[in-house]
Amino acid sequence: MERHEDFGKNVEAGSAAMLHSTPVRIPPPGVSATAGPPPILPQPPIQGKLHDEALQSKPTLILRGPFPLALKPLITMEIPPMRFCPRAIVLAFLSIQLAFSQTNASKKPPQAEFILLGSVHDMHMKPEMKFSLPDLRHQIESIRPDLICLEIEPEAFNSLMEGYFPPEAAYIAAIANELQVRVVPTDWRIAKEWQDRASRQVPKDVEDRISCTQGEMLKAIQRASSQPSIFDFFHGEFQQLADRQFMQNMDENSAADISSGAWHERNRRIVENALDAAGGARKILFVYGAAHLPQIARELADRGFASCLAPRMFTPCGIQPLSPVVLSRWRRNLENLKAIRDGHVKVTRDSYLKVTGSNRIANLEEALAVYGGAGKP
């Protein structure tokens, strides 16, 4: 206890001296600050005139230990005299702003056209939705982009975790050479445990609003199944429902937002990743789940870019067999997810929880059954 009290007195004495820009040497604990000058600590030799002048112009505060809270035995801080210079602060601020604006400007592809195309995940496997993966391909071919942003994290692209992302994203990656288009993975995800913890903290009234909107979405999808293609609904009425869900029912950085994968931050990162990879692309196509499109459009607008929803440019052709290159990629992804689930490959805890807590294995099995069967071609 005496040591702690002495330490507090010593720091107070040092602080008072610092206010007058005067060097002070604080004695070790147990020695009174007024009991006479403490022994001078040896200083390493400093060579050169400039070093000598710099040392003389800077007051030095030396603390001797040991101290509580596991402080180092010897702490030396050089504290220069405090001088307030408004002009210097303003210039520093302007320099930072200039550097930031130049960095942002370098991300802006000149005269780029941004087109948003909504995918429907497992609904691409259902003939009654009249928006098959061959339809998706025809839509992309009609748009003729020179860059496609995929719903896959860069770290997962063409690796063990690629199958955790929507099957249509891997499908587009597999046929990119045939389409003669560059594809880039631009997604971003938060940790599964963080997302799960947030879902347990969503207030009851917010949960009720979210459930109510989800109910409206399901009823609207059922009504839209009679349309020529479910594409029309997801690029029309659904956009307003999705925007209400994520902009009104879920505030940014709220528990509800984080429980949905930090939705606002995720879409911000998606756009940032796309701009980082854009290069000289002139027609950039985002192919993401349809619920992302309102937020992606908003993030682009915040950066000065206009975007548009892709109009339907295909006539539904139904379910058709896909090429061996697609089926092979899906099988590889399925095998990787099963190996992660069964503990046959070493991955992070987060990757394991994401795989075991999702339906991606079932989604890939369904995709293989619908578009080519489970057997090898």
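The values are calculated or read from the model by the stated rules, or taken from the named source; none is laboratory data. Everything quoted here is computed from the prediction, not taken from an experiment. When we count neighbours, we look across all protein chains shown, and the Cβ atoms used for this are built from the backbone with ideal geometry, even at glycine.
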- Query: Taking into account only those residues within the stretch 266-291 that are crowded, with 22+ Cβ neighbours inside 10 Å, in contact with a helix residue (DSSP H, G or I) (Cβ under 6 Å, 6 or more places away or on another chain) and not aliphatic (A, V, I, L, M), which is farthest from P167 (Cα to Cα)?
  - Reply: N267
- Query: Quick one: what pairs do we get from the stretch 156-180, first residue not assigned by TED's automatic domain parsing to the domain that holds F286, second buried (at least 23 other Cβ atoms within 10 Å of the Cβ) and of a type in the set (F, W, Y), C-beta under 8 Å, 6+ apart or different chains?
  - Reply: none
- Criterion violated by V183 - all others in (1) of a type in the set (A, V, I, L, M, F, W, C); (2) free of Cβ contacts under 8 Å to residues at least 24 places away in the same chain; (3) outside any helix (DSSP H, G or I) satisfied: (2)
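Listed here are the residues, each with its yes/no results for (1) of a type in the set (S, T, Y); (2) under 22 Å from E299 (Cα atoms).
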residue: S119; (1), (2): yes, yes
residue: P145; (1), (2): no, yes
residue: A156; (1), (2): no, no
residue: E178; (1), (2): no, no
residue: I190; (1), (2): no, yes
- Query: Is at least one residue of the stretch 217-230 assigned to a helix (DSSP H, G or I) and buried (at least 20 other Cβ atoms within 10 Å of the Cβ)?
  - Reply: yes
- Restricting attention to helices (runs of 4 or more DSSP H) lying wholly within the stretch 245-348, give those where 3 or more residues are of a type in the set (S, T, N, Q) and at pLDDT 95 or above. 324-341
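Tell me which residues, restricted to the stretch 292-324, are closer than 21 Å to A174 by Cα, surrounded by 14 or more Cβ atoms within 10 Å (Cβ to Cβ) and in contact with a helix residue (DSSP H, G or I) (Cβ under 7 Å, 6 or more places away or on another chain).
First pass over the stretch 292-324, keeping only residues closer than 21 Å to A174 by Cα: 314, 317-324.
After this cut, where a residue has to be surrounded by 14 or more Cβ atoms within 10 Å (Cβ to Cβ) as well, the list is 314, 319, 322-323.
The answer is F314, I319, L322.
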- Note on the stretch 201-222: residues among the charged types (D, E, K, R) and either in contact with a Phe, Trp or Tyr (Cβ under 8 Å, 6 or more places away or on another chain) or over 20 Å from V120 (Cβ atoms) (or both) are K204, D205, E207, D208, R209
- Query: Within the stretch 106-140, which residues are closer than 20 Å to L327 by Cα and among the charged types (D, E, K, R)?
  - Reply: D122, K126, D135, R137
